[in-house]
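Remarks on the structure that follows.
The values are calculated or read from the model by the stated rules, or taken from the named source; none is laboratory data. Since the structure is predicted, the reported quantities are computational estimates derived from the model, not experimental observations. With ideal geometry, Cβ positions are generated from the backbone for all residues, glycine too; neighbour counts draw on all protein chains shown.
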């Protein structure tokens, strides 16, 4: 199977309310040789105010933000290319936390199925998680980076690239970061091929389950540098969510907890200690059997024959496992009841799947070039989320399809968002951007960026004037 390495540069750090302004990716073969690349930039959508510090870091040109191709044109190209490159293993650096969420949000807000990277035989992996594991398992494989600002070891991609002589022409440029990610991956694959192949193999949920069948005791790899390997034994899956697996932490004794009631079992899941750990295997967690641990001088001390006795006891305790299954179902149902429909379109991405009728309309909407037809289709969506998404696309792509009253409503909606003066809104506003600029101007760390900060400030001023005109409509 091929790999797709990808990276985003965004207008800010909010995964739901900011947008990608550069998307880069490379199709890579099994030997990690680049076959084809993609590198696209776009302008800002209406209503999106960029975070000035983000612009200072990723160095996207202001002209691109104003006059580049539209966000929707870029997403169409990315979706087409990612589909052509599938099936593949999609990999980024800290991608499951950030880039993957931004990608799903971008697809959702462009009327595509957001689950492209883990459906149709595609898989997901995260090189950051692989790095956290290999650094503790075999610390000689990859040199850790050094952050000169903090004078501490660093797992940041730019510092890893420097420490390991991996070419990175410009940190925080998406295509440069893609090549740097591939470079670090090559080092791991070449020096720890068995570990690399294992991580990629179990990124497939079926392979993950097969691996569990062969190992009564497994060690969960850390997903953060401050964490350590955790000895665990698989217990059961959520009957209603088969990819949600539960494990017992073998640092504890089941005897103490086996008579717990359902509420007590839920506490074992949600307590700080996480005595029962939940892994969602479609998010590519890394587990290792004792064969890996035995071969690690650093971790061999973690092997304890008592782990196997505990694992055997857990498997025999059918009553506790049955109660755990019910607890998993109850916990999921409680969350569904206690967490109402989110307030904003962006955060409603997981609030139900699209029905077959709306899926057909999405295809029709995307496949016609006639904007009048697009407008008619948009009005016919059953799900209000997709109607609103379609209207936002049309406002950005062809606002003349709206009547004057509807067009003014759209303008005022975006203006109110951008000009909101309250501090607790989740997105960046003109007011927040101004305060961020003042902070940058007063920070000695950015004294060499005076001209860039001034250019960003002028752009924010222009955006403010635009939204004030919208508000006056």
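Looking only at residues in the range 60-78 that are under 21 Å from residue 26 (Cα atoms) and out of contact with any helix residue (DSSP H, G or I) (no Cβ under 8 Å at 6 or more places or on another chain), the one that is surrounded by the most Cβ atoms within 10 Å (Cβ to Cβ) is 60.
Residue pairs whose Cβ atoms lie under 6 Å apart, sitting 6 or more positions apart in sequence or on different chains, and linking a residue in the range 304-316 that is touching a residue at least 40 places away in the same chain (Cβ under 8 Å) to a partner that is part of a helix (DSSP H, G or I), are 313/254; 314/254.
All of 438, 464, 455 fail the test of being touching a residue at least 24 places away in the same chain (Cβ under 8 Å), part of a helix (DSSP H, G or I), farther than 12 Å from residue 49 by Cβ and not assigned by TED's automatic domain parsing to the domain that holds residue 55, apart from 455. Taking the listed residues 276, 265, the one that is within 18 Å of residue 331 (Cβ to Cβ), surrounded by 19 or more Cβ atoms within 10 Å (Cβ to Cβ) and more than 25 Å from the chain's Cα centre (by Cα) is 265, with no other qualifying. Got at least one residue in the range 33-48 being modelled with pLDDT of 95 or more, outside any helix (DSSP H, G or I), more than 30 Å from residue 470 (Cα to Cα) and touching a helix residue (DSSP H, G or I) at 6+ places or on another chain (Cβ under 6 Å)? Yes, the range 33-48 contains at least one residue that is modelled with pLDDT of 95 or more, outside any helix (DSSP H, G or I), more than 30 Å from residue 470 (Cα to Cα) and touching a helix residue (DSSP H, G or I) at 6+ places or on another chain (Cβ under 6 Å). Annotation note: of 190, 158, the sole residue that is out of contact with any helix residue (DSSP H, G or I) (no Cβ under 8 Å at 6 or more places or on another chain) and assigned to a helix (DSSP H, G or I) is 190.
Okay, residues lined up against (1) in a strand (DSSP E or B); (2) more than 18 Å from residue 310 (Cβ to Cβ):
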| position | (1), (2) |
| --- | --- |
| 233 | yes, no |
| 245 | yes, no |
| 255 | no, no |
| 259 | no, no |
| 265 | no, no |
| 272 | no, yes |
| 277 | yes, no |
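From 219, 229, 247, which residue is over 30 Å from residue 145 (Cβ atoms), in contact with a strand residue (DSSP E or B) (Cβ under 7 Å, 6 or more places away or on another chain), surrounded by 18 or more Cβ atoms within 10 Å (Cβ to Cβ) and outside the structural domain of residue 128 (by TED's automatic domain parsing)? First the steps, then the outcome.
Numbers: 219 fails: over 30 Å from residue 145 (Cβ atoms); 229 fails: over 30 Å from residue 145 (Cβ atoms).
Of 219, 229, 247, the one residue that is over 30 Å from residue 145 (Cβ atoms), in contact with a strand residue (DSSP E or B) (Cβ under 7 Å, 6 or more places away or on another chain), surrounded by 18 or more Cβ atoms within 10 Å (Cβ to Cβ) and outside the structural domain of residue 128 (by TED's automatic domain parsing) is 247.
For residue 90, the test of being within 24 Å of residue 126 (Cα to Cα) and not in a helix (DSSP H, G or I) is passed. Here residue 331 meets each of (1) crowded, with 17+ Cβ neighbours inside 10 Å; (2) modelled with pLDDT of 95 or more with one exception, condition (2).
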